[in-house]
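Scroll down for the structure; my scribbles are underneath it.
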Amino acid sequence: MFEEPEWAEEAPVAAGLPPGASRPRPASALQIKGSKHCQLLATLQALEAASLPQQPPSLPGSDSEEDVVERKKKRPKKASSTTASIEVEKKRKKKCQQQGPPGSDYEEKEVKRKKKCLKGVLSASDSAEEQKRKRKCQKQVPSNPAQHQDSDNQTGPKAWKSSATNDQSKPSPGSTSANPPQALSRKQWRNRQKNKRRHKNKFRPPQPPDQAPATAPKEETEMPPAPSPDNHEDRAGALRARMAQRLDGARFRYLNEQLYSGPSSAAQRLFQEDPEAFLLYHRGFQSQVKKWPLQPVDRIARDLRQRPASLVVADFGCGDCRLASSIRNPVYCFDLASLDPRVTVCDMAQVPLEDESVDVAVFCLSLMGTNIRDFLEEANRVLKQGGLLKVAEVSSRFEDVRTFLGAVTKLGFKVISKDLTNSHFFLFDFEKTGPPRVGPKAQLTGLKLQPCLYKRR
């Protein structure tokens, strides 16, 4: 731009100096050259400033670029992803500086973009922490497998909370905190035990069949045996026996009702037509009497053993001749059917004995039917004067004991003793005083006893 004077180049030749040697310049010339050089530098700086784009004014709240760079230098590098995101952020900032004009819209966009960049950096750092935590857990698997499984099962915010609490609960090596471990709830303890069992079964090596655990054969022995044909036959037999027992019970109730609701002659015809019916009835009757605390036939036998053995006894309704087997006295046994060779089958209203031929007449639970008066008149006929009449009957059959005793006395007897203490039966002793004092057409309402009917069970 500025050309130097010609004398400055020709001066060394004219003075006879060697070429390349500089001749000393005057002081005024040096001052002029220095001022021009300063002007040249100033114009160059002005042109350079004019060529650069104008930068937008920085926000008052936002940090300058230098501060951001210093912070990033101070912050430790957490992962390679963070450095990559910082480089991307720098490129975006340069592009925005070149394209975006200054203004309020540009400032808002810039703030939003910075927030997004910060979120990306935080998420990258969190993912790096998560990877580190998983590596730690994988290293700790052999030492504590149950806790590893618990941590893997929990995902999401619960897992972050549990990890945070675990980190807080772990004391630092330098600190000596005396905080006790947090107590587990019942549900947490149960889940932990379940996970431990699962983990044991998961990592247990498979055993060969020869080394099977000892509990396996025990389980096989405890299993119920497979049903065999013999078991089916036994069950069928038990079912048939149960059904037969129910049928026998129903037939016993039917026979008992017939005996109490009709005269003795009808009962005799019934047993003559069906001899097995009497056996069935007697078996059911014995099963009922066995439940009593004391059987009346035993009480009567005890009383007769205290009397002379020479007394002749007539047992009306003897059944299986238990009384004759219990005493030494001679006994005439009468019943509607025979269960023993000593039994004489007949209607108890007409026994084959002579008048005044016996000393003791016994009715042990045998005043059945609707003709009780005929039984007592027949006993008066065969008894000697002053003979003993013993009656044992179910207590529930008597509505009024006094009317019954009054009716018996009208048939030629007087009451000697009565025993009403037993809960199942009443026992009466009468003495014959003479023939009946009433005619055969006289009504004796006291002799109508209630039928002894058994309910279905």
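Checking the stretch 327-335 against the condition returns a match, with at least one residue being within 25 Å of Gly369 (Cβ to Cβ), free of Cβ contacts under 8 Å to residues at least 60 places away in the same chain and of a type in the set (Phe, Trp, Tyr). For the stretch 267-310, filtered to residues that are surrounded by 14 or more Cβ atoms within 10 Å (Cβ to Cβ) and among the small types (Gly, Ala, Ser), the residue that is nearest to Cys346 (Cα to Cα) is Ala267.
Does Leu339 qualify as being touching a residue at least 40 places away in the same chain (Cβ under 8 Å), open to solvent by 40 Å² or more (accessible area, probe 1.4 Å) and under 60 Å from the mean Cα position of the chain (by Cα)? Answer is yes for this residue. Which of the residues belonging to the stretch 407-457 are open to solvent by 80 Å² or more (accessible area, probe 1.4 Å) and more than 56 Å from the chain's Cα centre (by Cα)? Within the stretch 407-457, Lys410, Lys414, Ile416, Lys418, Pro435, Arg437, Pro440, Lys441, Gln443, Thr445, Lys448 meet the criteria.
Between Gly237, Gly262, the distinction of being in contact (Cβ under 8 Å) with a residue 60 or more places away in the chain and open to solvent by less than 100 Å² (accessible area, probe 1.4 Å) belongs to Gly262 only.
For the stretch 311-329, a residue qualifies if it is in a loop (DSSP other than H, G, I, E, B) and open to solvent by 60 Å² or more (accessible area, probe 1.4 Å), and the qualifying residues are Asp320, Arg328. Here Tyr332 fulfils each of the conditions (1) open to solvent by less than 40 Å² (accessible area, probe 1.4 Å); (2) touching a strand residue (DSSP E or B) at 6+ places or on another chain (Cβ under 8 Å) apart from (1).
This table checks each residue for (1) in contact with a helix residue (DSSP H, G or I) (Cβ under 8 Å, 6 or more places away or on another chain); (2) farther than 27 Å from Phe271 by Cβ.
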{"residue": "Arg322", "(1), (2)": "yes, no"}
{"residue": "Ile327", "(1), (2)": "yes, no"}
{"residue": "Pro352", "(1), (2)": "no, no"}
{"residue": "Glu356", "(1), (2)": "yes, yes"}
{"residue": "Val362", "(1), (2)": "yes, no"}
{"residue": "Ile372", "(1), (2)": "yes, no"}
{"residue": "Lys390", "(1), (2)": "yes, no"}
{"residue": "Val394", "(1), (2)": "no, no"}
{"residue": "Ile416", "(1), (2)": "no, yes"}
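It is to be established whether one or more residues within the stretch 277-291 are of a type in the set (Gly, Ala, Ser) and closer than 19 Å to Val382 by Cα. The answer is no; no qualifying residue exists.
The values are calculated or read from the model by the stated rules, or taken from the named source; none is laboratory data. Keep in mind that this is a model prediction, so the values were computed, not measured. All Cβ positions, even for glycine, are placed from backbone atoms using ideal geometry, and neighbour counts span all protein chains on display. Just the protein is used for accessible areas: all its heavy atoms, side chains included, with ligands, DNA and RNA removed. Shrake-Rupley method; radii C 1.70, N 1.55, O 1.52, S 1.80 Å.
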